[in-house]
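Right, one structure below, let's go through it.
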Amino acid sequence: MIKPIKIGALALAGALALAACSGGEEASDSAAGGEVLIVGTDLPIQGASADASKSTNEVVALVLEQAGGKAGDYSVAIKEYDNSTAAKGAWDDAACAKNAQDHVANTNEVAIMGTYNSGCAKIIIPVANEAGLLMVSHANTYPGLTIEWDAGEPALYYPSGARNYARVIAHDGFQGTAAAQYMYNELGKRTLALLDDTQAYGIGLADAVEAEFTKLGGTVLRSGWDIKAGSINTSTFEKVKGQGADIVYYAGIFDNNGVQLVKDKTAVLGDNTVFPSMAPDGFSGYPTLREMPEAEGLWMTFAGKSLDGIKKGGGAPAAFIDAYIAKYGYEPNSSYAVYGGVAMQVIMKAIAASDGTRAGVLAAVFSGEPICLSAEESVSGMGFCLNQETGDVDTVTMTLQQMTGGVETDIRAIEVK
Amino acid sequence: MTKLQAAHHAVGVNNKKWAIGFSTVVGVIFLLNVFVLPNANTQVQRFFNAWFSLNSLAEIMIWILMALGLNIIVGYAGLLDLGYVAFWALGGYVAGWLMSPFLSQFQVDFFGNPRPGLEQGIHFNVFIVLILGGVFTAIWGIIIGGPTLRLKSDYLALVTLGFGEIIPQFMLNGSDIGGLNITNGAQGIGGLDQPKIFGYTIGTFDLPAKFLMVSLMAGAMIFFSIRLRDGRLGRAWLAIREDELAASMMGVPLWRTKFSSYAIGAVGGGIGGVGFAILIGGVYADRFNFVISIIILAMVVLGGMGNVWGVVVGATVLAWVNAVGLVQVGELINNTFGTKFNFPSYQFLLFGLLLVLMMLFRREGFLPEARMRMVMNEEKLEDVEKVTDDTKIGSH
C-alpha cells in the first residue's frame, strides 16, 4: 500500500529540488530586478476571444515597441496573463481571482491593462484596489464598474475608498445617450418606441436612451420584446403604431430573436425609409442581419471608432495600423484590439508622469493633472481626458453607421460629452 | 480477532495513515507559505507561485469537496448524476445572497462582516452561511431527487443532466423573476464580505488563512464521507450500488436510501459553492456549465469510485492539471525544446485520452475501493475460477 506521508514528503522534496534547479525564469528575474516596470495584460487567451486577445497583446506590444520600450525615464516590459481556461473556453472566475493575486504579488508590476470581460474586472478591481494598483481597461462596457448602477455599485469594487480603475471605451450608458441625441436632434423624431430584450445589457442601454430622450423633450413608449427564437412581436409594433411612435430603437442583442423582430417591425410599420429604426452595437457584426432586406437603412451606433474609421481618418492612427500590418502581416482583429493600444498609451503616460512606484502611477491618473490623449497621439484617433472621479473618458466618440447594400457603412463619428 | 474484525482494523489503520498524510500536507503547505517562502529567494518564490500557488491549492480543495459530494451519489450509491454543477451554483448563490450588499432592500447584520459603507443587504457570519448553504442544497437535492430517483441508469442520468442545465440557466436569467432580481443575471453577485472567524477577518491577501479555511472544509468532508460509508446508511448505499434487487430483498428501503444519498451528496456541492464564492469574492453564473459536472465526475471515476482517498487524489490531480499543470508543463516543454505548442488547448484531448486508457487498463481508477476493484475485475475472477474448476475436473 502506498504511504501517503511518503508521497507528500517526496512531492515536497521534488518541488524544492525543481525550484533549486529551475533556471528558466532567470531572464524574467532581470526584468523584475527593479530596473524595469511591468505592465500586466489580463485577457482571455483561450476560447472564443482568443484571436481578439492575441491581437490586443500584439497591439500593446507594438505601442511599447514604438515608444522604444520606455515610458518617460522608465523601461517598461509586458507580462501577459491569461484569465481563461480551456475547459470553459472563456474567462474563468477562478483564473481571474488567481491573476488578481498574481498581479499584486509581482512587486514590479505597476499597472494592469485589461480586462476584456466586465465580469472578470469585477473580481480583479477590488483586489488591485486594496493593493493600490492601477487598472485600465480597453473593453469593459458595464456601467456599474465606474458609476452608480446596481445596489452597492461602484463602491463595492473600491474597498479602499479610492479609485484605481479607468477605461478608454465608452460604457453602455454613453451609447444610449448618443443614440437618443441622434434620434431627437438629427432625425427630428419626437415619439420613440423603445424596445429592450429584457437582459442586463439591453435594460441598461434602454434606461440610458429613455433618460436622455425624455430629457430632450421627447416621449418614450417602452416595452420588452419577446426573445424566444421565432416569437412574433407584431402586437408590440401595432401598439406603438397606434400611440403615434415615429422611430423604433432596439436596445439589446441581435441573438435574442433579432431576425423575427426586424421582420415584424417591417411588416407592421414599414421598412426603414418609411419608418426608421436604430440599434446599438449589440446588432453589429451579424452576417444574418446584413443579408436581411428588412435591415436596409437601419441606423446603428458603435461605441468607439470602427477599424474602418481609424484607417480612413489617416494620420498617426492609420500609420499605426499600417505598422501593425507590416509587423504581423494582418489587420488587428477588432477595434477593441486597437483600444488595447489606447489603454497602454494611458498607462505609459501615467508611468512617465510618476515616480516609478505603484502609488505614483496611480496618483498620476487620479490626482494632479488629468491624463489626456490627443486625437493625433491616440492610436484610435480619439482624443480624450480621463475623468478623475469615475475613471471614464470625458469625451466619447461613437461611430454612426447605416446598413446600406448589406454593409454596415460608417456615416460619421458622433462625439458625446 | 476474526477475519472481519481484522479487515475492519486494517481499513481503520489505513484511513488513519491517509488522514495523517492529508493533514501533514496541508500543514506543511501552510507553514511553508507563512514562514519559509516569504523569506526565500525570488526564484523559489516564483517557482512555487507558478506551480503550486496557494490560490490554485485552495481551488483544488474546493474541487475535492465537490468530488467527495458527488462520490456519495455516484461512488457510494451508484447513481449517475450528470448535473452536479447545479449544487455548486446553489451554494454559491446562498453566499451571494447572505454575505453581500446584493439584497439591498434589507439591512441585516448577523455576526457578519460588511465592508464600511456597504452595510445594506444581508451579512451573515460565514459559519452560518456554510450551514445554510449545505441545508439549502440538501433541500434542493430532496426536491430534485424526489421525482427522479425512481428512475434508473440512463434515464436518471438524463434527468439529472436536465436539472444541471435548468438551475444554471435560471441563475443566468434570474434578474427579473416576476419583477424580482434574484440572481442579478449574467452580471452575477460581487463584493462578498470577507469571512470573519472567531473575530479574525481573513483579508484579501491572507491566502494562507483562506487555504487553511477551505482545507478544513475539505477535511471535514473527508471525515464525514468515511464515517458515512462505514455506517449503516453507507452499507445500504453500497448494497444498492452492487445489486439493487438483492439489497431490496435484504430489506434495504431503496427509494429512501437513494434519496438520502442525493440529499447528503448535494451538501458537498453546497458547501463547496459557498467556499468557492468566498475565495473569488463573488458568484457568477458563467461558471456553471455542463463541463464542470463532467470534470467532477471524471475526478470521481479516475480517482476510484467509492474510495474517499482515491477521489481526493483524482480531484487533486485533475484540478491541478486544469488550473496550472498544463500551462506550466507546456511552458517547460516549449522553453526546453523551442516548440510553440499551446498545451492548454489540448486539454480535452488529453483528458479524453487519459479516460480511454484508464477504461482500458485500470477501470477501477487510480486508488480503487477494494470492493469496486473486485467488481471491476469480476470477469477475470470468473476466468480464474473457471480454469481452477477445469483443472479440478481434469485432475479427477
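Rule-based calculations on the coordinates, nothing more; no lab input. The model shown is predicted, which means the values in this text are computed figures rather than measured ones. Cβ placement follows ideal geometry from the backbone for every residue including glycine, while neighbour counts extend to all protein chains displayed.
For chain A, take N as its residue count and report Rg(C-alpha) divided by 2.2 N^0.38 Å. Numbers along the way, then the final one.
Numbers: Rg = 23.6 Å, N = 417, 2.2 N^0.38 = 21.8 Å.
Expressed relative to 2.2 N^0.38 Å, the Cα Rg reads 1.09.
Computed from Cα positions, the angle between helix B:153-172 and the longest principal axis of chain B comes to roughly 0 degrees. The slack in the chain from B:D109 to B:N41, taken as 0.36 nm per residue of separation less the alpha-carbon distance, amounts to 20.1 nm. For chain A, the longest principal axis of the Cα atoms and the long axis of helix A:50-66 meet at an angle of about 70 degrees. Rounded to the nearest 20, the size of the Cβ-charge dipole of the stretch B:53-395 about its Cα centre is 360 debye, with Lys and Arg at +1 and Asp and Glu at -1. Every helix of 4 or more DSSP H residues in chain A counts as -39500 (n - 2.57), and over all residues that averages to -12500 deg cm²/dmol at 222 nm. Modelled label positions at A:E415 and A:S223, each set 7 Å beyond Cα in the direction of Cβ, lie 4.0 nm from each other. Near B:F30: Cβ cut-off under 14 Å, other residues only, Lys/Arg at +1 and Asp/Glu at -1. The net charge is 0.
The relative contact order of the stretch B:53-395, computed from alpha carbon pairs under 8 Å that lie at least 6 residues apart in sequence, is 29 percent.
Based on the Cβ-Cβ distance of B:F205 and A:A67, what FRET efficiency does E = 1/(1 + (r/R0)^6) give at R0 = 35 Å, to the nearest 0.05? Efficiency at R0 = 35 Å is approximately 0.60. The three principal axes of the Cα atoms in chain B give end-to-end lengths of 89, 55, 47 Å, sorted in falling order.
3J(HN,Hα) along the stretch A:361-373: 5, 5, 5, 5, 8, 10, 8, x, 6, x, 6, 10, 10 Hz, from the Karplus curve 6.51 cos²θ - 1.76 cosθ + 1.60 with θ = phi - 60°, whole Hz, x for Gly and Pro. Across the protein assembly as shown, Cα-Cα pairs more than 37 Å apart make up 49 percent of the total. Projecting the Cα atoms of A:V110, B:I128, A:V338 onto the charge dipole of the protein assembly as shown (Cβ charges, centred on the Cα centre) puts B:I128 farthest toward the positive pole. Peptide A:83-89 shows a mean partner chain C-beta count of 6 within 10 Å per residue C-beta.
Between amide H atoms placed 1.01 Å from N, distances below 5 Å from B:D109 occur with B:H123, all of them 5 or more places distant or on a separate chain. Listed from fewest to most Cβ neighbours within 10 Å, the set A:T404, A:T301 follows the order A:T404, A:T301.
Does anyone have the angle between helix B:326-337 and the longest principal axis of chain B? Alpha-carbon axes, 0 to 90°, nearest 10? Helix B:326-337 sits roughly 80 degrees off the main axis of chain B.
About its Cα centre, the protein assembly as shown has a charge dipole of approximately 2600 debye under the convention of +1 per Lys or Arg Cβ and -1 per Asp or Glu Cβ, with nothing else charged.
The length gained by stretching the chain between B:K17 and B:I177 to full extension, at 0.36 nm per residue less their Cα-Cα distance, is 52.5 nm.
As a rough footprinting exposure proxy, the listed residues A:M300, A:M292 were ranked by other beta carbons within 10 Å of their own, and the order from fewest upward is A:M292, A:M300. The count of lysine pairs in chain B with alpha-carbon distances below 29 Å, taking only pairs 8 or more places apart or on different chains, stands at 12. Converting phi to 3J(HN,Hα) with the Karplus coefficients 6.51, -1.76 and 1.60 and the offset θ = phi - 60°, the stretch B:264-271 yields 6, x, 4, 4, x, x, x, 5 Hz in sequence order, with x at every glycine or proline. Using the Kirkwood radius over C-alpha pairs as Rh, can you work out the diffusion coefficient of the stretch A:286-417 via Stokes-Einstein at 20 °C, viscosity 1.002 mPa s, in µm² per second? D, rounded to a whole number, is 131 µm²/s. Straight-line cross-link reach from A:K189 at under 12 Å between alpha-carbon atoms covers these aspartates and glutamates, not counting any fewer than eight positions away in the same chain: A:D246.
Close amide-amide hydrogen proximity is noted between A:Q46 and A:S84, each under 5 Å apart and 5 or more residues distant or on a separate chain (H modeled in the peptide plane; Pro and chain starts excluded). Dipole magnitude for chain A: about 420 debye, using +1 per Lys or Arg Cβ and -1 per Asp or Glu Cβ, origin at the Cα centre. For the stretch B:110-129 versus the stretch B:65-103, the inter-centroid distance based on Cα atoms is 22 Å. Just checking the listed ones, B:L245, B:L156, B:L297: in the Gaussian network model of chain B with Cα springs under 10 Å, the one fluctuating most is B:L245. If you plug the beta carbon distance of A:T214 and B:L353 into 1/(1 + (r/R0)^6) with R0 = 51 Å, you get a FRET efficiency near 0.25. A dipole drawn for the protein assembly as shown from +1 and -1 charges on Cβ atoms has a positive end, and of A:Y74, A:L145, B:A239 the residue lying farthest that way is B:A239. So which of A:K79/A:K122; A:K88/A:K311; A:K88/A:K349; A:K215/A:K305; A:K88/A:K263; A:K54/A:K263 end up more than 28 Å apart, counting from Cα to Cα? Checking Cα-Cα distances, A:K88/A:K311; A:K88/A:K349; A:K88/A:K263; A:K54/A:K263 exceed 28 Å. Taking amide hydrogens as placed 1.01 Å from N in the peptide plane, the amide H of A:V220 sits under 5 Å from those of A:L192, each at least 5 positions away in sequence or on another chain. Per-residue ellipticity at 222 nm from helix content only, as computed over chain B with -39500 (n - 2.57) for each DSSP H run of at least four residues, stands at -22000 deg cm²/dmol.
Shielding of A:98-105 by partners, i.e. mean partner chain Cβ atoms within 10 Å per residue?
5
Sorting A:L216, B:L357 on the 10 Å Cβ count, fewest up front, what's the list?
The order, fewest Cβ neighbours first, is B:L357, A:L216.
Please work out the C-alpha center-to-center distance from the stretch A:348-381 to the stretch B:149-209 and express it in whole Å. Value for the Cα centre distance between the two parts: 39 Å.
Once you have a ≥ b ≥ c as the square roots of the Cα gyration tensor eigenvalues for the stretch B:30-143, tell me rounded if a/c is under 1.5, and otherwise prolate or oblate according to whether a/b is larger than b/c. Could the numbers behind the result be given before it?
Details: a/c = 2.97, a/b = 1.18, b/c = 2.52.
Cα axes put the stretch B:30-143 in the oblate bin.
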